[in-house]
Amino acid sequence: MEESQSERHQKYRELRRREETMESFLSTYEENREAELNRIQELEGNIVSALGVLSRAASRIGKPLDAEALLALNEDVQQTGTLSTQYTQLKLNMSKVRSGNVIPGLIAANVKCKKI
């Protein structure tokens with residue numbers, strides 16, 4: 001009987017911890033969502049800008065490019081790749097938030113924080 005109560009108490013504590021994690025998540029959800037959406041918009045703007053630079057550079061390809069123009073074009077390509085990677089990661093994060101799959105990650109992060 002005592003073992004049964006201990007097991008119930010342990011399950012209760014686990015459920016309580018989960019509830020606290022979910023409450024914490026929900027209390028900051030809107031702020032985090034807005035921040036993520038703003039970051040995505042910023043990255044989209046950066047990508048559009050970088051693509052504009054690439055487009056203008058590509059239109060000059062018919063003309064001979066000097067070393068400086070090639071370096072600038074290479075730098076723009078690298079920046080666009082970085083922005084694209086960040087954008088993809090943020091979209092993935094937003095899809096996790098929307099689908100509710102963030103809770104397990106929050107629990108793991110919460111456990112890591114408690115260990116520190």
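Would you order Val77, Val48 from fewest to most other beta-carbon atoms within 10 Å of each residue's own beta-carbon? Display every interim value, and only then the final one.
On the way: Val77 14, Val48 10.
Ranked by crowding around the Cβ, least crowded first: Val48, Val77.
Report the net charge of residues surrounding Arg16, where surrounding means a beta-carbon distance below 14 angstrom and charges are Lys +1, Arg +1, Asp -1, Glu -1. Please list the in-between numbers first.
Values: positive: Arg8, Lys11, Arg13, Arg17, Arg18; negative: Glu14, Glu19, Glu20, Glu23.
With Lys, Arg at +1 and Asp, Glu at -1, the net is +1.
Starting from 0.36 nm per residue, how many nanometres of slack lie between Ser6 and Ser59 once their C-alpha separation is accounted for? Present the calculation step by step, with values, prior to reporting the outcome.
Values: separation 53, 0.36 × 53 = 19.08 nm, distance 7.32 nm.
So the extension gain works out to 11.8 nm.
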>> If I model a spin label as a point 7 Å beyond the Cα along the Cα-Cβ vector, how far apart are those points for Glu20 and Ser99 in nm?
In response: 2.9 nm
> Where does the charge balance sit around Glu36 when Lys and Arg score +1, Asp and Glu -1, over other residues with C-beta under 14 Å from its C-beta?
Replying inline: 0
> So what J values fall out for the stretch 83-99 if you push phi through Karplus, 6.51 cos²θ - 1.76 cosθ + 1.60 with θ = phi - 60°, rounded to Hz, Gly and Pro as x?
Replying inline: 4, 4, 5, 4, 4, 4, 5, 5, 5, 4, 4, 5, 5, 5, 5, 5, 7
>> Can you work out the Karplus-derived ³J(HN,Hα) for every residue in the stretch 21-37? Use 6.51 cos²θ - 1.76 cosθ + 1.60 with θ = phi - 60°, whole Hz, and x for glycine or proline.
In response: 5, 5, 5, 4, 4, 5, 5, 10, 4, 4, 4, 5, 4, 4, 4, 5, 5
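Values quoted throughout were computed directly from the atomic coordinates according to the rules given, and no laboratory measurement underlies them. Quantities reported herein were computed from a predicted structural model and do not represent experimental measurements. Every residue, glycine as well, gets a Cβ built from its backbone with ideal geometry; the counts of neighbours run over all protein chains shown.
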